[in-house]
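What follows is a single structure, written as structure tokens, with notes after it.
The values are calculated or read from the model by the stated rules, or taken from the named source; none is laboratory data. Everything numeric here is computed off the predicted structure, so don't read it as measured data. Ideal geometry is used to build each Cβ from the backbone, glycine not excepted, and the neighbour counts take in all protein chains shown.
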Amino acid sequence: MKLFSTNTCYVPQDLSSITQIKDEVAAEQGGMTALQIQKIWKSVENLYQSGNYPLITMCLRRQGKIVLNRSLGYASGNSAQGLAGNAVIATPDTPICLFSASKMITAMLIHMLDETGEINLLDPISHYIPEYAQNGKRRATIFHLLSHRGGIPRVETEVTPELLFDKEKILQQLYASKPISPAGTHLAYHAVTAGYILGELIERVTGQDIRQFLHEHVEKPMGMDYFNYGLKPEFRDQVALNYPTGIHPKLGTDVYLNRVLGGGLQLAVDVTNDHRFMDTVCPAGNIYTSAEQANRFFEMLLNGGTYNGKQIMSPETVFRATLPTSSTSIDRTLLAPMRYALGPMLGSNPVGIFGPMTGQAFGHLGFSNILCWADPERDISISFLTTGKSVVGTHIPALAQMLYQISTNCPRIPKNQRRALFGTDRTETDLV
């Protein structure tokens, strides 16, 4: 990457030549107009024209209907170095790494175990993983990890690809780690650490590999071909590659990412493009799937744990998992105001991470500019997946405008007209 460059990708003049559409219904079936869909998609095209994303794939359901399911760009071969001769145009089915949006899925697996009584969220982690009790972590609970108050926000060693490819090695590192603050005291995003511990907890309690547990309880009953940690070899020739874009990371971005992830921008890109990462399990960051399948999961949550008549989890479980654990607070890792539930990130009023007036929205971000969320007030579920890893760049105004267009053109539905999504009424004070 050039030192003084915006590091943008090739953008063709005719975006329709790199756009693919699949399985959309008429806007009216989702309670929208064609003009509203057009405005949202135009904002996505404007964002793509910033040149920060080799690929954008997006799926939007409203009132349970797919009104947008599109890919825009290249699965591989388009980067800040230009368009390669062998560049591959993506499709809506192209598998993409969710990065930290994977945390939401891992958290909901934990809630499913709580639902069946196999665990209690208020139990110490050391009750299930005795090795975790070392160095002052004996009283840290599952609740603490889910709410990013576990006291172990980062790995206290150099994060290398080899470490991330070796689950047992990183677990031993975390067992021996000393918390930077007592569990429950400070809000600090656990970018990598909590995921490994929660994943191990699932395996200790169920006796199953976490991939098999996700497959049996979510992937298979919801009819998804690839929605799991890593990616099966038969799908790897289709996977979207990630590329570094945006303002040169050495001018500050890498310092920030080292604080959050324990490694810089190039590390994050290289790791997720490596087949060894697709072989391993990283519960905090390596679910590979398509935009529609990711959206299908959030639609299931929005629908009270049910998808196509199959009860994946109870409405009460979804309700409890998405209630806030505190008011908006400064996150000591992200250095930004955040609201968390027990796993999900939450939107805010008057503006939040999912756009303006999204106080009841719940979901998760993924590095970088991956957003997956559901908003009960608007009866929408959205997955917005990208492969340009631009933290600081020319895309920021257009990204904010896209979120504004979604919020504006998917207006809030009067309470007496909404679906009964959670099996129990949610009030403004529940989530705002």
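For the range 32-66, which residues satisfy the criterion of being out of contact with any Cys (no Cβ under 8 Å at 6 or more places or on another chain), more than 18 Å from F297 (Cβ to Cβ) and either aromatic (F, W, Y) or in a strand (DSSP E or B) (or both)?
W41, Y48, L55, I56, listed by residue number.
Mind checking which pairs have a first residue in the range 135-161 that is farther than 14 Å from A176 by Cβ and a second that is part of a strand (DSSP E or B), Cβ under 6 Å, 6 or more apart or different chains?
Partner pairs satisfying both residue conditions: R139/P124; T141/P124; S147/Y340; H148/Y340.
Suppose the filter is of a type outside the set (S, T, N, Q) and without any contact (Cβ under 8 Å) to a residue 12 or more places away in the chain; does A34 pass it?
Judged against the criteria, A34 is a match.
Residues F277, F367, F297: which one is crowded, with 24+ Cβ neighbours inside 10 Å, touching a residue at least 12 places away in the same chain (Cβ under 8 Å) and hydrophobic (A, V, I, L, M, F, W, C)?
Residue meeting the stated conditions: F297.
So, in the range 274-305, exactly how many residues are among the acidic types (D, E) and at positive phi?
Summing the residues that are among the acidic types (D, E) and at positive phi in the range 274-305 gives 0.
Select from the range 307-339 the residues that are among the polar types (S, T, N, Q) and more than 20 Å from the chain's Cα centre (by Cα) and write down the one among them that is surrounded by the most Cβ atoms within 10 Å (Cβ to Cβ).
S314
Residue pairs, Cβ under 7 Å, 6 or more apart or interchain, first in the range 227-238 and closer than 15 Å to D274 by Cβ, second assigned to a strand (DSSP E or B) and modelled with pLDDT of 95 or more. List them.
Matching pairs, first to second residue: Y229/I287; G230/Y288; L231/Y288.
Identify the single condition in (1) among the small types (G, A, S); (2) crowded, with 24+ Cβ neighbours inside 10 Å; (3) under 19 Å from the mean Cα position of the chain (by Cα) that A90 does not satisfy, given that it satisfies every other one.
(3)
Determine which single condition L198 fails, assuming it passes every other condition in (1) aliphatic (A, V, I, L, M); (2) in contact with a strand residue (DSSP E or B) (Cβ under 7 Å, 6 or more places away or on another chain); (3) under 13 Å from T106 (Cα atoms).
(2)
Determine which member of the set T317, T333, T387, T325 is over 19 Å from R418 (Cβ atoms), of a type in the set (V, I, T) and in contact with a Cys (Cβ under 9 Å, 6 or more places away or on another chain).
After ruling out the rest, the residue left standing is T387.
What is the one condition in (1) surrounded by fewer than 23 Cβ atoms within 10 Å (Cβ to Cβ); (2) in contact with a helix residue (DSSP H, G or I) (Cβ under 7 Å, 6 or more places away or on another chain) that R62 does not satisfy?
(1)
If you take the residues in the range 99-120 that are out of contact with any Leu (no Cβ under 7 Å at 6 or more places or on another chain) and either outside any helix (DSSP H, G or I) or on the phi > 0 side of the Ramachandran plot (or both), which one is modelled with the lowest pLDDT?
Filtering first and then ranking leaves F99.
Consider the range 347-379. How many of its residues are in a strand (DSSP E or B), over 20 Å from G64 (Cβ atoms) and of a type in the set (F, W, Y)?
The qualifying residues number 0.
From the set of residues in the range 77-106 that are touching a Pro at 6+ places or on another chain (Cβ under 8 Å) and among the polar types (S, T, N, Q), which is nearest to G230 (Cα to Cα)?
Per the criteria, the residue is S102.
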